[in-house]
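This report refers to the structure that appears directly beneath it.
The values are calculated or read from the model by the stated rules, or taken from the named source; none is laboratory data. The structure presented is a predicted model; accordingly, all values stated were derived computationally and were not measured. A quick note on method: Cβ atoms are made from the backbone with ideal geometry, for glycine too, and the neighbour counts reach across all protein chains shown. What goes into the accessible areas is simple: the full protein's heavy atoms, side chains included, and nothing from ligands, DNA or RNA. Shrake-Rupley method; radii C 1.70, N 1.55, O 1.52, S 1.80 Å.
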Amino acid sequence: MRWTVAVVIALLLGGLATAGGAQQRKLKAGFIYVGPIGDYGWTHAHDVGRRKAEQQLPWLETVFVESVKEGQETLFIDKLIQQGARVIFTTSFGFMDGTLAAARRYPNHIFAHASGFKRAPNMATYMADFYQIYYLNGLMAGAVTRSGKVAYVGAHPISEVKRHIDAFALGVRAVNPRATVHVRWINDWFNPAAAKEAAEALIAEGADVLAFTEDSPTVVQVAARRNLPSFGHYSPMKRFAPQHCLSGQLVHWDRIYVDFLRKVYEGKYTTENLEKVDYWWLLAEGAVELGCEMGEPINPQWVGRLKAVTVQTPDLGRLSVYDLVMRRHAQMAKTPPAFDPFTGPIRDRKGVLRVPAGKRMTVAELTSMEWAAPGVVGPWPKEP
């Protein structure tokens with residue numbers, strides 16, 4: 001039996017090292033992207049993670065396909081496997097069902113799907129999630145808005161994006177209880193033209209701070225041209241608006257890719273034990289970072305403005321918004337977190353109690369949430 005398992009692992013990894021370890025065995029991994037690697041958003045960040053993993057793991061070889069439409073992922077999974085890929089990463093929520101079907105067709109290959117929740121013996125899930133970061137961004141947005149209207153350009157109205165908007169809105173309201181977050185959906189992950197149109201429309205309606213989910217720096221650029229602050233998304237975007245990109249959300253996908261692939265290579269992850277493997281990595285794991293530029297949580301141009309606004313909190317007393325952001329960041333970076341934005345009591349925008357007092361939402365609840373937080377304005381598909 002031990003000999004059989006060794007053979008299976010050898011086949012999975014593409015061959016064993018020769019006697020004495022003179023030749024290191026190789027592992028080939030394939031990546032399927034929903035957008036172009038030059039989008040400077042979600043796909044760009046995944047590709048940076050792929051390249052960093054390849055740099056850190058000398059035995060790793062990677063291939064990728066970009067701009068794959070959701071629903072067509074299985075065709076490209078087949079192609080990557082034909083090219084010798086033994087591990088397949090699919091990096092869009094809409095790839096979930098196709099990835100699961102492929103995992104069943106290829107039981108001797110390993111699959112991992114980003115942002116989803118369906119798994120199989122040979123298929124794991126993973127996510128570097130931003131809800132903590134969005135809450136911190138919301139605190140800052142609530143402090144700097146003058147009109148009380150904050151804009152959010154949303155991609156697709158799926159649970160992931162709704163979770164992030166809700167966390168952002170909770171942050172805004174924690175500092176500015178009367179402020180509102182106005183949402184426009186573009187129903188696309190990468191569409192600079194639609195993002196520009198939505199951002200301009202929201203500004204025309206009175207919004208003076210902008211956040212978004214769309215895989216380009218378009219919203220940041222639109223805001224800067226109107227002399228308005230904004231928050232970057234996924235990749236460092238300060239260079240597109242040096243004076244106006246206040247902060248944002250940054251990701252380190254390589255943390256997950258390196259950990260996952262190393263465990264595959266070492267035989268800890270196999271085609272038979274991934275059904276309960278779900279990476280849900282946050283601040284504590286170093287998978288995400290606050291800022292519009294790596295290593296800079298808040299643009300120095302805005303520090304003074306944030307220090308000038310104070311807020312009363314139930315646990316930290318009265319302090320500046322700048323200090324509040326730093327304290328909450330430190331609390332959420334602990335293991336386990338000492339603070340979580342989705343701790344009750346929380347009611348939705350209809351007044352329905354969604355999180356009872358003292359309770360924190362579970363990962364399952366976070367990944368399936370559909371309700372809109374108080375202060376969110378605009379259409380909300382599938383709102384309960």
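Within the span defined as segment 309-320, one or more residues are open to solvent by 10 Å² or more (accessible area, probe 1.4 Å), more than 19 Å from the chain's Cα centre (by Cα) and of a type in the set (D, E, K, R). Cβ-Cβ distances below 6 Å connect the following pairs, each with a first residue in segment 350-379 that is farther than 21 Å from Val153 by Cα and charged (D, E, K, R), a second residue that is open to solvent by less than 70 Å² (accessible area, probe 1.4 Å) and modelled with pLDDT of 95 or more, and a separation of six or more residues or different chains: Arg354/Ile346; Arg354/Asp348; Arg354/Trp371; Lys359/Gly344; Arg360/Asp340; Arg360/Thr343. Mind checking which residues of segment 284-308 are over 24 Å from Gln55 (Cβ atoms), part of a loop (DSSP other than H, G, I, E, B) and either open to solvent by 70 Å² or more (accessible area, probe 1.4 Å) or touching a strand residue (DSSP E or B) at 6+ places or on another chain (Cβ under 6 Å) (or both)? Within segment 284-308, Cys292, Pro297, Ile298, Asn299 meet the criteria. From the list Glu214, Glu197, Glu205, the one residue that fits, being charged (D, E, K, R), within 14 Å of the chain's Cα centre (by Cα) and either at pLDDT 95 or above or open to solvent by 10 Å² or more (accessible area, probe 1.4 Å) (or both), is Glu214. Taken across segment 49-68, residues that are open to solvent by less than 40 Å² (accessible area, probe 1.4 Å), touching a helix residue (DSSP H, G or I) at 6+ places or on another chain (Cβ under 8 Å) and among the acidic types (Asp, Glu) do not occur at all. When residues in segment 339-383 are screened for being in contact with a strand residue (DSSP E or B) (Cβ under 9 Å, 6 or more places away or on another chain), in a loop (DSSP other than H, G, I, E, B) and either surrounded by 15 or more Cβ atoms within 10 Å (Cβ to Cβ) or on the phi < 0 side of the Ramachandran plot (or both), 18 of them pass. Scanning segment 263-283 for residues that are open to solvent by 40 Å² or more (accessible area, probe 1.4 Å) and in a loop (DSSP other than H, G, I, E, B) yields Glu266, Lys268, Glu272, Asn273, Glu275, Lys276.
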